Amino acid sequence: MPLKPFALALAASASLATLSFAADLPSRKGAPAAPPAVSACTESEGIPTDAFGFTTGSDVADPGSFGPSLTYGGAYGTRLGSSNSHGLMLQGSYGLAPCLEVGPYLLGGMSNASFGGVSADERSFGAGIETKYKILGRDMHGIGLTAVIDPSFNRADPDGAGRFTTYNTGLRLFIDKTLIPGKLYSALNLSHDLTWTGPDPYGRSSTFTIGGSLAWQVLEGVYLSGEVRHQRAHNTLGFSKEAGYATFAGPGVFWQASKQFAISAAYNIQVAGKAKGQPGDLDLTNFSQHLVKVKAAYSF
């Protein structure tokens, strides 16, 4: 056989053998899919924000989700005479973007006070918008951290006096942490409320609050909490001209009645305090002695 035809036949035979060997190999798998993106608001275990009483957790609404809530707040007890106030807040919270929640709300309230036989009743209404952005997530950083800005106004109409308007801007940090998964959680809140009270010239005041709470899930969807909060009032927007301080403590309960509906309640009593220039161990000039909160929330 001539050399050239023999070489061609050999090459063809080798090609067929290669193709046959390749056909017997397992097919190559495609590249694995990229894992889902993880952000500060992606948590393997959610913590109800209302499980801590007056203190608030760091979680925010998922993008596109909406939930209305109705909150009752009551305050009772003053140094002279009697005083009690009742307020309602209707809020709608919406997940505007990943880690970003906005919650516009309406306010309405009434108070009944009596000093030396003279009544000082008052009615009020207002509105505001709470904006929350989650900066750190528990899965990624060990703690949850959310920054909040909460501007609002309140129009008061006291009996026997002229109407006045209060403008408030709340600057807050909500922090929480899982201590025992599925059982025990902690939360810490820092808040500074800047208040302008008119008409012009506007009076300026502020209240700084630090609060801590532990929440224990005793049953599926049922949490019991205990918290301590310390508040300081100032006759300025900063931290000078202190007017008084008070420390509160009390229990709370949270019940996730269904996947969409939850109800919570909390009670605080002033256990220590001092008003500048006033006798006694409590500050009943700038703060009330008893505080109550009840909230019903629904999510879609």
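Just so it is clear, none of the values below were taken in a lab; they were calculated from the coordinates. Bear in mind the structure is a predicted one, so any value in this text is a computation, not a measurement. Positions of Cβ are generated from backbone atoms using ideal geometry, with glycine treated the same way; all protein chains shown enter the neighbour counts.
Before moving on, here are some points about what is shown:
- Cα-centred dipole magnitude for the chain, charges only on beta-carbon of K, R (+1) and D, E (-1), debye, nearest 20: 500 debye
- Within the chain, longest stretch clear of exposed GluC sites (Glu not before Pro) (DSSP loop, no more than 11 other Cβ within 10 Å): 46-219
- Going from the residue with the fewest nearby Cβ atoms within 10 Å to the one with the most, ASP159, ASP59, ASP176 rank ASP159, ASP59, ASP176.
- For Rg and Dmax of the Cα atoms in Å, computed directly from the structure shown, the correct entry in [x] 20.1, 88; [y] 30.0, 131; [z] 19.0, 60 is [y].
- Expected 222 nm ellipticity per residue - DSSP helices of 4 or more, -39500 (n - 2.57), all of the chain, to 500: -2500 deg cm²/dmol
- Phi-derived couplings, Karplus 6.51 cos²θ - 1.76 cosθ + 1.60 at θ = phi - 60°, listed residue by residue for the stretch 119-125: 7, 9, 6, 8, 10, 8, 8 Hz, with x used for Gly and Pro.
- DSSP-loop trypsin sites (Lys or Arg not before Pro) across the stretch 164-221, with at most 14 other Cβ within 10 angstrom: LYS183
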